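Reviewing the structure listed below.
The values are calculated or read from the model by the stated rules, or taken from the named source; none is laboratory data. Model, not experiment: these values are computed from the prediction. Cβ placement follows ideal geometry from the backbone for every residue including glycine, while neighbour counts extend to all protein chains displayed. SASA here: full protein model, heavy atoms, side chains in, ligands and nucleic acids out. Shrake-Rupley method; radii C 1.70, N 1.55, O 1.52, S 1.80 Å.
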Amino acid sequence: MPAVMTELPKAYEPTLVEEKWQTRWISEGCFHADPHSDKPAYSIVIPPPNVTGVLHMGHVLNNTIQDILARRARQEGKEVLWLPGTDHAGIATQARVEKELAKENPPRTRFDVGREDFVNMVWDWKEKHGGIIINQLKKLGCSCDWERERFTMDDVYAPEVARVFTELFNEGLIYRGHRMVNWDPVLLTALSDEEVIMTPSRSKLYTIRYKLADGSGQLLVSTTRPETIMADVAVAVNPKDPRFAHLIGKTVIRPLCEAEIPIIADEHVEIDFGTGALKITPAHDRTDFEVGMKNHLEIIDILTADGHINCPGCPELHGLDRFVARDKSIELIEAKGLLEKVEDYENNVGISQRSDVPIEPRLSMQWFLKYPCVKEAAEAVANGDIVFRPAHWGKTYAHWLEGIQDWCISRQLWWGHRIPVWYRKEKAAELQAATKLDAEDAAAGDIYVGVNPPSDPENWVQDEDALDTWFSSWLWPFSTMDKECLAKFYPTSDLVTGPDIIFFWVARMIMAGYRFAGGKPFGNVFFTSIVRDLLGRKMSKSLGNSPDPLDLIAKYGADGLRFGLMRISPTGTDVKFDEKQIEEGKNFANKLYNAARFRMMQGAASTEPAPKFTAVHIDILSKLKDLHETVADGLGKYEFNTYTQALYSFFWNEYCSLFLEAVKNDLRDGDPAVKNATLFTMDTVLRHYLALLAPIMPHIAEELWASLGFARDGQPLMSTALPQADALLSGLDTTAISKARATATALYDTANKARNLKAEYNLATNRKVKFVLKPAGVPVDADLASRLALLAGAQSAELNKDYEAPKGTPTALTPLGELFLPLEGLVDVEAERTRITKELEKMAKEISRSQAKLGNASFVDRAPAAVVEQERARLAEWETKTAQLQAMLSALA
RNA sequence: GCACGAGUAGCUCAGUGGUAGAGCGGCUGUCUUACACACAGUUGGUCAGGAGUUCGAAUCUCUUCUCGUGUACCA
């Protein structure tokens, strides 16, 4: 027994192996992209994770896919750039540091610290803790060019953002305006429409009596927001509503903070909804604002920025939180006898994606962008210049572009790209109060917009706001690259990301690409599934259903995690994450390791004597050739689970369960020429297979590649080209190959039937029985017969064309002929009779089904001949089997 | 409301007109000298329901139901 065998542990231990290769790949520069290379380019930019982020399952899925694509492209001889980096994530990062401040004793806010110092604190935090996710990606094995790691606020990137802002401003696409925006009363900033999630909520619909000022009656008005009544400036009814026509022009008494307000007519009011009368509160509702503008109504704002009531005219409510005030206002109204009724009601409430609280529609001064290149962006996807996978996301994308609204890009934050706009000091107050500012106003020289501050900064004040994080991310595919890189690698080849950021990021990058980089930013977009728990819920920290990928890596290895996840990752629908599946990934790695270990125990292959290949050798090599094709095809179509499944079933089923089991005896004794063929075949399969596997399980593939001695001149598998499938079986014609495959298939099928026979008679797997085969059909030689015995766990499979079986000998019809299992009289006659009877019933059923089908004239006439032929063959088989069973039954009697 | 997905074995998923599949789980055996993270056998399905097209439907059409996602909104 060779020494290696005792040295190698029986189970694969991924941890050390994975670390070793990660270090080596990086130190040898395997991931580094050379923009001067002659090779064709392949590039991906990573969706930059938040700098505050920690790795979650979504990242694992996403980055595993990118790594597969990148590694495969390298094997195919491409120069690969996978560009990594992180996003400054304005709100999340600022909130993170503010949380630290709040924990201090005494607690502080960012306002206590001051803008400049606070921003420095965030930078410090970023330097200290910001790289976590990058290290986690390295642990997953991601083959990013780490020398090119970028950050959306680094020295090169930041000026690009300002440059883009300036350009768009000068073009008139960016303007500052006093408008209704989504206001987050906790984070104290405006948000874009995309950052607001409309959520069905259980609330109450209050119906309130508004008395007519002339005392002639009352008007019933329903609302879900009684706390804003003090800001009502009118009550509106539909002009076509006959019930209220006579009231238009009259006035009602506002029930809180009492005042006379008019009854107006506006078509916006639905006649059928509620009472048909709607309170108009322009300061606190988007559509009310529009109605107010149309009708020249006053705007009364009674909410503070942080969502408290600001209405000294109503001292009972003044200063209360908006939700406390809601209940309180109803109490007050009820006390006045003005409450008609309260109903349970379900409506949609806009929730801030970041702080998880209801947003407030709020009138404020913000910066907006009219999107550039909308038409180009829409056409690129519509005409297939950019390919979306799955394709149906194209519809969602197109729909969003059709109804696109101006993008609110200013945030009341300190962490981020500060808006590169300065106001002349003496005019600052006046300019800030203007209802609209744009390129035309800049012409007067009171506004300065530019990448660098004005040359006389003492005469200017800079805008206080920062830009939406996505206003920098949308430049990611090109602002991360220098000139050389752009020339070689832009546009990028693939983008892999979640569909949840199709508007936030993907759509905007496409527009930015056309506007600023001269063309599309990528050729393909692959939208991954969303990883959910087994109950179908999104993974989230609060639910505690989100496993830590690092724990999973520690438990199952990065390769196991990658493989397990890809194996259950369907295309186009969500993945339900099951840790059991990751365990399968680990088990598979163990299987690979042991198969390689088995090979290592056998010593080197030799060419003396010349290898003698049998059907099973040719069969597996031919299947290996097919695997090359399936892999290329699957990856070409971005069908990652096809790729993974093909790898899995080839190795476990075809190579281990069938081939290895059929050739084990070759390695022990017997014909040295056959032994050489077997060793050669094992080496060939392993060498090709490891290369095909490397994109998804890079560490173990690399490790086994090295320990099996496949590395030439110490070259890692990483920097080795994909072995050519054409070289396999090049000396054989297709007839010989298909003949060998048919023989091998017949052998394996026969082995199955032999094992079934044993199992039926309750003979243990390892019971060394003797089979007798009466050859027919596929030719059988002694070599094949001995492989059959080996596979069936038998002592022998005797070939005897004149065999006369004793009565009642169990038999099976196999592709190699009739197979007998002589039992030496150990059979239980009664049990055997029952078994055969059952079997006969099954046959009868099949036969009648088949006969009915063949008796159907339209089937025989109209179905393809091959199908009919197949059905006839089946029927013949059933009939033969029935005859045999009947013979056996009568033999028993 | 509209749009788009999905519904196949106990679980996770393949399967785009020709006898319903895999892995896991369950149950039986087996520590057979690569692997018990394994091996062998076996048990599981009116393919969500209904109608239609077809010689033939998980697959194509229509419809209903359930779940998910996006989007628009009426207080």
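Condition first: within 9 Å of RNA strand B (Cβ to nearest atom) and either in contact with a Pro (Cβ under 6 Å, 6 or more places away or on another chain) or of a type in the set (S, T, N, Q) (or both). Can you find one or more residues in the range A:659-668 that meet it?
So far as the range A:659-668 goes, no, none of its residues is within 9 Å of RNA strand B (Cβ to nearest atom) and either in contact with a Pro (Cβ under 6 Å, 6 or more places away or on another chain) or of a type in the set (S, T, N, Q) (or both).
Would you point out the residue of the range A:564-580, among those that are assigned to a helix (DSSP H, G or I) and either within 6 Å of RNA strand B (Cβ to nearest atom) or more than 17 Å from A:S649 (Cβ to Cβ) (or both), that is farthest from the chain's Cα centre (by Cα)?
A:K580
Taking the range A:756-774, which residues are touching a Gly at 6+ places or on another chain (Cβ under 8 Å) and modelled with pLDDT of 90 or more?
A:L773, A:K774
Does A:A740 count as within 16 Å of RNA strand B (Cβ to nearest atom), open to solvent by less than 80 Å² (accessible area, probe 1.4 Å) and within 22 Å of A:V663 (Cβ to Cβ)?
no
Go through the range A:486-545 and count every residue that is in contact (Cβ under 8 Å) with a residue 12 or more places away in the chain and either part of a loop (DSSP other than H, G, I, E, B) or within 16 Å of RNA strand B (Cβ to nearest atom) (or both).
Number of matching residues: 31.
Identify the single condition in (1) within 16 Å of RNA strand B (Cβ to nearest atom); (2) modelled with pLDDT of 80 or more; (3) in a loop (DSSP other than H, G, I, E, B) that A:L826 does not satisfy, given that it satisfies every other one.
(2)
All but one of (1) among the basic types (K, R); (2) within 41 Å of the chain's Cα centre (by Cα); (3) not in a loop (DSSP other than H, G, I, E, B) hold for A:K341; which doesn't?
Condition not satisfied by A:K341: (2).
Of all residues in the range A:611-633, which are small (G, A, S) and touching a Lys or Arg at 6+ places or on another chain (Cβ under 7 Å)?
The answer is A:S622, and nothing else.
Restricting to the range A:377-413, name every residue that is within 13 Å of RNA strand B (Cβ to nearest atom) and part of a helix (DSSP H, G or I).
A:W393, A:G394, A:K395, A:T396, A:Y397, A:A398, A:H399, A:W400, A:L401, A:E402
Keeping to the range A:254-275, report how many residues are outside any loop (DSSP other than H, G, I, E, B), within 14 Å of RNA strand B (Cβ to nearest atom) and surrounded by fewer than 13 Cβ atoms within 10 Å (Cβ to Cβ).
Matching residues across the range A:254-275 total 0.
Given the conditions (1) touching a Pro at 6+ places or on another chain (Cβ under 6 Å); (2) over 23 Å from A:P358 (Cβ atoms), report the number of the one that A:R286 does not fulfil.
(2) is the only condition that A:R286 fails.
Out of the range A:190-199, which residues are within 11 Å of RNA strand B (Cβ to nearest atom) and either surrounded by 15 or more Cβ atoms within 10 Å (Cβ to Cβ) or outside any strand (DSSP E or B) (or both)?
Answer for the range A:190-199, where residues must be within 11 Å of RNA strand B (Cβ to nearest atom) and either surrounded by 15 or more Cβ atoms within 10 Å (Cβ to Cβ) or outside any strand (DSSP E or B) (or both): A:S192, A:D193, A:E194, A:E195, A:V196.
A quick yes/no check of all residues on (1) in contact (Cβ under 8 Å) with a residue 12 or more places away in the chain; (2) surrounded by 19 or more Cβ atoms within 10 Å (Cβ to Cβ); (3) over 16 Å from A:L188 (Cβ atoms):
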| position | (1), (2), (3) |
| --- | --- |
| A:I309 | yes, yes, yes |
| A:D321 | yes, no, no |
| A:E334 | no, no, yes |
| A:N347 | yes, no, yes |
| A:I359 | yes, yes, no |
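Please go through the range A:220-245 and pick out each residue that is assigned to a helix (DSSP H, G or I) and modelled with pLDDT under 90.
Matches in the range A:220-245: A:A245 only.
Can you find even one residue in the range A:430-440 that is polar (S, T, N, Q) and within 26 Å of A:V156 (Cα to Cα)?
no
If you check every pair at least six apart or on different chains, which have Cβ atoms under 7 Å apart with a residue in the range A:454-474 that is free of Cβ contacts under 8 Å to residues at least 40 places away in the same chain first and a residue that is of a type in the set (G, A, S) second?
A:V461/A:A428; A:W474/A:A512
Would you pick out the residues in the range A:588-625 that are within 16 Å of RNA strand B (Cβ to nearest atom) and either without any contact (Cβ under 8 Å) to a residue 24 or more places away in the chain or of a type in the set (F, W, Y) (or both)?
Correct list: A:F588, A:Y593, A:F598.
Sort through A:E654, A:E661, A:E584 and tell me the only one that's open to solvent by 20 Å² or more (accessible area, probe 1.4 Å), of a type outside the set (F, W, Y), assigned to a helix (DSSP H, G or I) and over 25 Å from A:N766 (Cα atoms).
The unique qualifying residue is A:E584.
Regarding A:F527, is this residue over 14 Å from the mean Cα position of the chain (by Cα) and buried (at least 18 other Cβ atoms within 10 Å of the Cβ)?
no
Does A:A33 satisfy being buried (at least 20 other Cβ atoms within 10 Å of the Cβ) and farther than 24 Å from A:I700 by Cα?
The answer is no for A:A33.
Among A:D671, A:D666, which is the only one that is crowded, with 24+ Cβ neighbours inside 10 Å and modelled with pLDDT under 95?
A:D666
Given the conditions (1) open to solvent by less than 20 Å² (accessible area, probe 1.4 Å); (2) under 30 Å from A:Q405 (Cα atoms); (3) within 14 Å of RNA strand B (Cβ to nearest atom); (4) assigned to a strand (DSSP E or B), report the number of the one that A:R202 does not fulfil.
The one condition A:R202 does not meet is (1).
I'd like the residue in the range A:361-376 that is crowded, with 17+ Cβ neighbours inside 10 Å and part of a loop (DSSP other than H, G, I, E, B) and, out of all such residues, is nearest to RNA strand B (Cβ to nearest atom).
A:Y371
Mind counting the residues in the range A:296-307 that are open to solvent by 50 Å² or more (accessible area, probe 1.4 Å) and in contact (Cβ under 8 Å) with a residue 12 or more places away in the chain?
Residues flagged as open to solvent by 50 Å² or more (accessible area, probe 1.4 Å) and in contact (Cβ under 8 Å) with a residue 12 or more places away in the chain within the range A:296-307 amount to 4.
Which of the residues belonging to the range A:40-68 are open to solvent by 20 Å² or more (accessible area, probe 1.4 Å) and among the hydrophobic types (A, V, I, L, M, F, W, C)?
A:A41, A:V54
Within the range A:205-237, restricting attention to residues that are within 13 Å of RNA strand B (Cβ to nearest atom), under 20 Å from A:I264 (Cβ atoms) and open to solvent by 10 Å² or more (accessible area, probe 1.4 Å), which residue is nearest to the chain's Cα centre (by Cα)?
It comes out as A:R225.
Given the options A:L784, A:L819, A:L788, name the one that is away from RNA strand B (no atom under 13 Å from the Cβ), closer than 30 Å to A:H617 by Cα, assigned to a strand (DSSP E or B) and within 56 Å of the chain's Cα centre (by Cα).
A:L819
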